[in-house]
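**Q** Before we start, here is the structure in question, set down as structure tokens.
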Amino acid sequence: MPDQSLPATTFAELALPLFDQLYNFAHWLTQDRSEAEDLVQETYTKALRGFGGFQIGTNFRAWMFRILRNAFLTSRTGLKASSGEEELDSLASVDPSPEDVLIQEVERDIVRQALTELPVASREILLLCEVEEMKYEEIAQVLQIPIGTVMSRLYRARQALRNLVSEKLKGKTAWPVS
Amino acid sequence: MACELMREKLDAYVDGELLPSEARQFGIHVRGCSACAVDVLDRVQMKKAVSGAGKAYEASTEFRRRMLGELAKADRGRKSWGWKLVLAPAALVLIISLGLMLLVGREKSRHERTFGELADLHVMTLASATPVDVVSTDRHTVKPWFEGKIPFAFNLPELQGTDFTLIGGKVAYLGQSPGAQLIYRIRKHQVSVFIFQERGEANAWASDPLSMLSFTFQTWSKNGLRYYVVGDIPVSDVESLSKLFRDAG
């Protein structure tokens, strides 16, 4: 039950500014507008219901992202996506081929396409780190994993993305791949 | 510090996760080690690329409105009746304000993204070995060059008696739409003026110059075209160049 002693508008005050970020993250996870909307709606419903258990002063953003991610993982799309997570290591183990020219107009589309093709576990950690600019500790709270795992998962995700982008950029432009 | 040790901490350094003392030590090493500097640059570029590409999706206006309504209703329903009677008007005002903030924030972040993309284009142009495709200080040479390359025409200002010199131009793309990029020089600085077709947001932009990412920006709309001035020059110079374009007819 929600804590009736909390200020009347605290939830809206805290949760509404996160709407755009949560929607973007949900869309990236589901890859579908309608599913992303359902996921955001479910997140807000669950968060509102559980708001009484939230400790004011702790990381609200991480709490909201964690709710969204857990809701995604238990959805049909999420279950399907998480069953393919073993792809991460094989993707990350491919040796990157060097590309040594600058990214220009094609960059954004290619990176976006590569992100879409990454397994969810890689995509979500890259989005939390690079788009949401979360610190490792905050990412650890969202994903409910130790900080060491955040670092190793992030490393593998970057390698996997680098390899995908590198392949897509063959014959085009790329950022220098070490 | 040896390179091998550095490489283990490369990601943490770029992600800003090192202790200040470690980051300082790392910075000193990178300045003197070209191999590590290349690795750092590589990672920074990758972060930037993912950050830009990752901000890809926006909720529809309809869904946004529906969520705001549902949240307002649910949040009010969460409270006891006694509290509701006292706080409902204030809560409603706050929720409406937050809703407006959200809509304004969405516009703001879209504008910041546009400015970020234009700053990238400007920097890449300056870093390029061939910054412009038509090289001329004569506006009567540069303007006709764009005919047939972009789906609109524009006028360039007369620069006689000003500190500005036209260097040339090239076709640029913003949101996959083609437009013109003109490069001007003022003293030792170079400035880009981008011209694209207006995309139905004429009233949403602030007309005053603003500073972001060490660049000064100004934008305005005229005759269905949107102009952007981008450069690391003082606001007064940006305003002077903007005025020249506005007066160009």
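**Q** Please go through the stretch B:1-22 and pick out each residue that is away from every other protein chain (no Cβ under 14 Å) and not in a loop (DSSP other than H, G, I, E, B).
**A** Within the stretch B:1-22, B:4, B:5, B:20, B:21, B:22 qualify.
**Q** Among the numbered criteria (1) within 24 Å of the chain's Cα centre (by Cα); (2) farther than 30 Å from residue B:124 by Cα; (3) modelled with pLDDT of 85 or more, which single criterion is violated by residue B:101?
**A** It fails just one condition, (3).
**Q** Among the candidates B:164, B:217, B:194, single out the residue that is closer than 15 Å to residue B:150 by Cβ and at pLDDT 85 or above. So that I can check it myself, show each step before the final result.
**A** Working: B:164 fails: closer than 15 Å to residue B:150 by Cβ; B:217 fails: closer than 15 Å to residue B:150 by Cβ.
Testing whether each residue is closer than 15 Å to residue B:150 by Cβ and at pLDDT 85 or above leaves just B:194.
**Q** Here's something else I'd like to know. Consider residue B:44 against the criteria (1) within 12 Å of chain A (Cβ to nearest Cβ); (2) open to solvent by less than 50 Å² (accessible area, probe 1.4 Å); (3) of a type in the set (Val, Ile, Thr): it satisfies all of them except one. Which criterion is unmet?
**A** (2)
**Q** For the stretch B:1-21, name all the residues that are over 24 Å from residue A:115 (Cβ atoms) and open to solvent by less than 50 Å² (accessible area, probe 1.4 Å). So that I can check it myself, show each step before the final result.
**A** So the first thing to find is which residues in the stretch B:1-21 are over 24 Å from residue A:115 (Cβ atoms), and the list is B:1-9, B:18-21.
Hits for the stretch B:1-21 are B:3, B:6, B:18.
**Q** So residue B:37 fits all but one of (1) modelled with pLDDT under 85; (2) at the interface with another protein chain (Cβ under 7 Å from one of its Cβ atoms); what number is the exception?
**A** Unmet condition: (2).
**Q** Something else: Take the conditions facing chain A (nearest Cβ under 8 Å), assigned to a helix (DSSP H, G or I) and closer than 21 Å to residue A:163 by Cα and apply them to residue B:49. Does it pass? Outline the logic, then answer.
**A** Values: facing chain A (nearest Cβ under 8 Å): yes; assigned to a helix (DSSP H, G or I): yes; closer than 21 Å to residue A:163 by Cα: yes.
When the stated conditions are applied, residue B:49 passes them.
**Q** Residue check, residue B:216 against (1) assigned to a helix (DSSP H, G or I); (2) closer than 18 Å to residue B:189 by Cα, all met but one. Which one?
**A** Every listed condition holds for residue B:216 apart from (1).
**Q** Report whether or not residue B:49 is open to solvent by less than 20 Å² (accessible area, probe 1.4 Å), closer than 24 Å to residue B:9 by Cα, touching a Phe, Trp or Tyr at 6+ places or on another chain (Cβ under 9 Å) and among the aliphatic types (A, V, I, L, M).
**A** Numbers: open to solvent by less than 20 Å² (accessible area, probe 1.4 Å): yes; closer than 24 Å to residue B:9 by Cα: yes; touching a Phe, Trp or Tyr at 6+ places or on another chain (Cβ under 9 Å): yes; among the aliphatic types (A, V, I, L, M): yes.
Taking the combined requirement at face value, the residue satisfies it.
**Q** A follow-up question, please. Check residue A:52 against each of (1) of a type outside the set (Phe, Trp, Tyr); (2) at pLDDT 90 or above; (3) farther than 23 Å from residue B:55 by Cα and name the one condition it does not meet.
**A** Of everything listed in (1) of a type outside the set (Phe, Trp, Tyr); (2) at pLDDT 90 or above; (3) farther than 23 Å from residue B:55 by Cα, residue A:52 misses just condition (2).
The values are calculated or read from the model by the stated rules, or taken from the named source; none is laboratory data. Every value quoted in this text rests on a predicted model; they were computed, and no experiment measured them. Don't worry about glycine lacking a Cβ; one is built from the backbone with ideal geometry, like all the others, and counts go over all protein chains shown. In case anyone asks, the SASA skips ligands and DNA or RNA and just uses the protein heavy atoms, side chains included. Shrake-Rupley method; radii C 1.70, N 1.55, O 1.52, S 1.80 Å.
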